[in-house]
Structures are given as structure tokens and as C-alpha cells.
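Engineer: Here it is, the structure in full.
The values are calculated or read from the model by the stated rules, or taken from the named source; none is laboratory data. Note that this is a predicted model, so its numbers are computed, not measured. Neighbour counts are summed over all protein chains in view; Cβ atoms, including those assigned to glycine, are modelled from backbone coordinates with ideal geometry. What goes into the accessible areas is simple: the full protein's heavy atoms, side chains included, and nothing from ligands, DNA or RNA. Shrake-Rupley method; radii C 1.70, N 1.55, O 1.52, S 1.80 Å.
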Protein chains: 2
Amino acid sequence: MTTGSPGTQGGESLLFLTDEQLRKGIEAMFFAYRAFTADPDRILENYEYGRAHHRAIHFINRQPGLTVNTLLTMLGVTKQSLNRVLRTLVEDGLVEARVGRKDKRERNLFLTQKGAELERELSDAQRARMRSAYRAAGPAAVAGFRQVLEAMMDPEIRRHYQSIRDTSS
Amino acid sequence: MTTGSPGTQGGESLLFLTDEQLRKGIEAMFFAYRAFTADPDRILENYEYGRAHHRAIHFINRQPGLTVNTLLTMLGVTKQSLNRVLRTLVEDGLVEARVGRKDKRERNLFLTQKGAELERELSDAQRARMRSAYRAAGPAAVAGFRQVLEAMMDPEIRRHYQSIRDTSS
DNA sequence: ATTTTATGTCAGCTATGTTGACTTTCCAAG
DNA sequence: CTTGGAAAGTCAACATAGCTGACATAAAAT
């Protein structure tokens with residue numbers, strides 16, 4: 001719809017929209033995502049945590065002080081599922097849940113030093129793979145990569161994604 | 001390593017390799033992958049199948065006649081895990097497992113008509129999202145997308161990925 | 001005062017992964 | 001021809017992480 005309907009290719013090839021191309025894209029997503037999670041998964045085996053803990057830690061690090069509800073929206077799971085994860089992280093002293101200043105019903109989530117250390121270990125591994133892929137593909141490819149992924153997201157999530165800015169190093 | 005170490009940027013900016021850029025890439029992968037699986041997951045709820053069945057069906061469709069072992073490598077799960085999935089698909093008449101002609105220990109896997117119909121329904125949904133994202137981003141972005149994903153894969157899997165060619169429409 | 005929201009918790013279920021042990025079939029090398 | 005090992009299938013037991021449903025508490029909003 002954006003570039004015109006079939007038959008009205010204004011000079012631009014639409015070969016990249018063939019079923020074969022789309023299927024290759026689907027497979028690329030599957031294989032790449034598996035590799036993408038493999039490194040942190042290996043590290044997490046040494047702890048008593050899983051991928052769900054990693055995700056929670058990631059977003060708490062990225063948006064320190066975010067509420068449980070916000071985290072819920074970003075992770076896209078039920079509160080029961082998140083609660084199980086969050087409870088162990090708080091009990092183990094990796095996450096601190098402070099009662100909200102304005103609204104005391106809310107809990108603002110922060111990583112403790114210990115939590116930040118695990119975050120660092122996990123994200124070092126994940127960023128190393130991402131960096132290597134970025135280097136190999138080059139800046140133009142990276143821009144395209146980000147564009148396609150962003151276009152693939154659900155609109156509500158895309159807004160969340162775009163609103164996240166790093167506050168750590 | 002490919003484009004030079006920090007300080008020796010031969011005219012090419014390395015800003016795309018900052019931690020912030022890498023973290024945005026990590027988040028993009030997470031959010032996009034979730035959207036990517038959401039449509040087929042919704043369809044699968046109407047059947048007694050899950051995401052694991054979808055993956056098996058996808059690859060059997062893409063490489064009709066592939067052996068159980070090949071499928072195992074591509075899915076990256078244990079034979080016990082795959083067997084549970086494959087058994088229900090065979091019992092329900094979606095997949096046919098023919099004894100190998102040369103090596104009778106092997107099973108060559110094929111979709112039945114019924115299996116092909118489900119594959120079509122699932123992949124229609126998944127391709128629709130992929131097509132929409134490709135259209136929105138454009139052919140240059142798609143090329144970059146594929147390059148980065150490919151660079152992210154583990155080398156052995158990348159070879160499998162590159163060897164897959166479509167035989168269906 | 002009542003309703004709604006944010007959070008937490010208990011119980012039970014399902015899907016999908018894991019390891020380990022074992023059997024059957026059958027190719028291929030001695 | 002026998003034997004070793006590969007391919008496949010199966011059984012059992014378990015872990016993770018998702019789900020629904022029901023219910024409790026505290027605090028904000030109406």
C-alpha cells in the first residue's frame with residue numbers, strides 16, 4: 001500500500017515481496033532469534049534464573065523506577081507470571097520495589113548493585129553478538145534492520161519501544 | 001574488527017556500534033519477534049497445536065522429504081521434544097513419515113493435504129505481517145534486515161538457512 | 001461512601017523444553 | 001556373517017514459564 005499496488009511499480013522492483021522472500025525472512029527471524037537468546041541463556045544456567053528473569057532485569061535497567069504495570073505491558077505477560085519472576089528477584093536482592101511517592105499503590109522497580117551486575121553480565125554477552133552482527137553488516141544494513149523490525153511491531157508496543165532511552169552507560 | 005578498531009574510523013562512522021544502539025537493537029528484536037509469532041499463535045489456539053507444531057510444519061513444507069534428524073538440527077530441540085510434536089501431527093494426519101528408500105532407518109517427512117492446508121493458514125498470517133513490514137520499510141531496508149539477521153546466526157545454522165529453497169508456490 | 005485501580009497471591013492447568021535409560025531397526029565394516 | 005554403531009522411537013520424570021480464575025489489600029478517584 002505504501003509503495004503502490006501490484007502493477008503500479010513506479011520504477012521500484014517489488015521482487016522483495018515474493019512469497020519466497022517473505023518465507024526467507026520468516027526463517028531468518030527464527031534462526032537469528034534463537035542465536036540472539038542463546039548466549040544469555042547459557043549464562044543463566046549458572047544461576048537459578050531463566051529467560052523471563054533476564055527480560056525483567058533488562059527493562060528495569062533501561063527504565064529505572066518503572067512501575068509493575070508498565071513492565072507488564074512491555075513484557076506482554078500476565079501479572080501472575082511476572083509476579084513469580086519479580087518475587088524471586090526481590091527476595092534474592094537483585095531488584096528493589098519502592099512504594100510510589102505520588103501513588104502509593106504503585107511499586108517503582110530498581111536494580112540493586114547485585115542486580116546491575118547480573119544485568120551487565122547478561123547484556124555484555126548479548127551485545128557482543130549484536131555488535132559482531134552489526135559490524136559484519138555495516139551501518140546501512142543496521143538502519144534497514146531496525147526499520148523492518150520497527151514496522152513489524154504492534155503499534156502500541158512500537159510507541160513504548162520508541163520512548164525508551166538509555167540512562168545507564 | 002571488520003571496519004577497524006575505535007580511533008581508526010576510515011571515514012565511516014561507528015556510532016551505530018554504541019551500547020545504546022546495541023540495546024535498541026536488542027529491544028527491537030524482542031518486540032518484533034513477539035509480534036512475529038502473535039498471529040500464528042492466535043490461529044493455533046483454535047486447534048490443539050502450539051508453536052512447536054507450527055515450526056515443524058513450516059520446515060517440512062519448505063523441505064519436503066527431509067529426515068527427522070535434519071529437522072531436529074534446524075529446530076534445535078531434543079528428539080524427545082520433537083517426537084511428541086511429530087507423533088500428534090502424524091496421528092492427526094497432517095504429516096506423513098515415509099520410510100527412507102535408501103536407508104530404511106530414516107523417515108522422510110511430508111505434509112499431507114490437511115497438513116498443507118494448516119501450513120497455508122498459518123503462513124498466510126505470518127507472511128501478511130512480514131509483507132506489511134517489508135512494504136513499509138522498502139527494499140533497501142529489507143536487504144539490511146536480512147544481512148544483520150544472517151550475521152547474527154550461528155555458523156552451522158546459517159549454512160542450513162542458506163541452503164533452503166522453496167519448492168511450493 | 002463507593003467504585004476502580006494497582007498490586008500481590010494461591011491453586012491448578014498446559015505447552016514445551018530438558019535428561020536418562022532403553023529398544024528396535026538396519027546399514028556397513030570387520 | 002557377525003557385530004558395532006547410527007537413526008529412530010519410546011517411557012518416565014522433571015523444570016520453566018506461560019495461562020485462567022478467584023480472591024485480598026491498599027489507595028486513589030468519583
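Engineer: Out of all the residues in region B:122-169, which are more than 7 Å from chain A (Cβ to nearest Cβ), outside any helix (DSSP H, G or I) and among the polar types (S, T, N, Q)?
Structural biologist: The answer is B:T167, B:S168.
Engineer: So in region B:46-60, with the set limited to residues that are within 12 Å of DNA strand C (Cβ to nearest atom) and within 13 Å of chain A (Cβ to nearest Cβ), which one is most open to solvent (accessible area, probe 1.4 Å)?
Structural biologist: Ranking the qualifying residues of region B:46-60, first place goes to B:R51.
Engineer: Give the residues of region A:108-118 that are in a strand (DSSP E or B) and either within 14 Å of chain B (Cβ to nearest Cβ) or more than 10 Å from DNA strand C (Cβ to nearest atom) (or both), sorted by residue number.
Structural biologist: A:F110, A:L111, listed by residue number.
Engineer: Still on this structure, I have one more. Output the residue which, of all residues in region B:47-90 that are away from DNA strand D (no atom under 15 Å from the Cβ) and over 13 Å from the mean Cα position of the chain (by Cα), is farthest from A:M74 (Cα to Cα).
Structural biologist: B:Y47
Engineer: Further question: Is there any pair with a first residue in region B:18-33 that is facing chain A (nearest Cβ under 7 Å) and a second that is hydroxyl-bearing (S, T, Y) and not in a helix (DSSP H, G or I) whose Cβ atoms are under 8 Å apart and which are 6 or more apart or on different chains, and what are they?
Structural biologist: B:D19/A:S169
Engineer: Can you name the residue in region B:1-20 that is assigned to a helix (DSSP H, G or I) and over 14 Å from B:V148 (Cα atoms) and, of all such residues, is modelled with the lowest pLDDT?
Structural biologist: Among those that are assigned to a helix (DSSP H, G or I) and over 14 Å from B:V148 (Cα atoms), it is B:L15.
Engineer: Kindly provide the set of residues from region A:77-107 that are open to solvent by less than 50 Å² (accessible area, probe 1.4 Å) and more than 8 Å from DNA strand C (Cβ to nearest atom), ordered by number.
Structural biologist: Across region A:77-107, the qualifying residues are A:S81, A:V85, A:T88, A:L89, A:D92, A:G93, A:L94, A:V95.
Engineer: Can we say B:Q147 is within 27 Å of B:F31 (Cβ to Cβ), within 16 Å of DNA strand C (Cβ to nearest atom) and either under 21 Å from the mean Cα position of the chain (by Cα) or open to solvent by 80 Å² or more (accessible area, probe 1.4 Å) (or both)?
Structural biologist: Criteria not met by B:Q147.
Engineer: Do we find a residue being open to solvent by less than 40 Å² (accessible area, probe 1.4 Å) and within 20 Å of A:A125 (Cα to Cα) anywhere in region A:61-76?
Structural biologist: yes
Engineer: Out of (1) over 17 Å from B:F36 (Cβ atoms); (2) more than 11 Å from DNA strand C (Cβ to nearest atom); (3) surrounded by fewer than 16 Cβ atoms within 10 Å (Cβ to Cβ), the odd one out for A:I43 is which?
Structural biologist: Only one criterion in (1) over 17 Å from B:F36 (Cβ atoms); (2) more than 11 Å from DNA strand C (Cβ to nearest atom); (3) surrounded by fewer than 16 Cβ atoms within 10 Å (Cβ to Cβ) is unmet by A:I43, namely (3).
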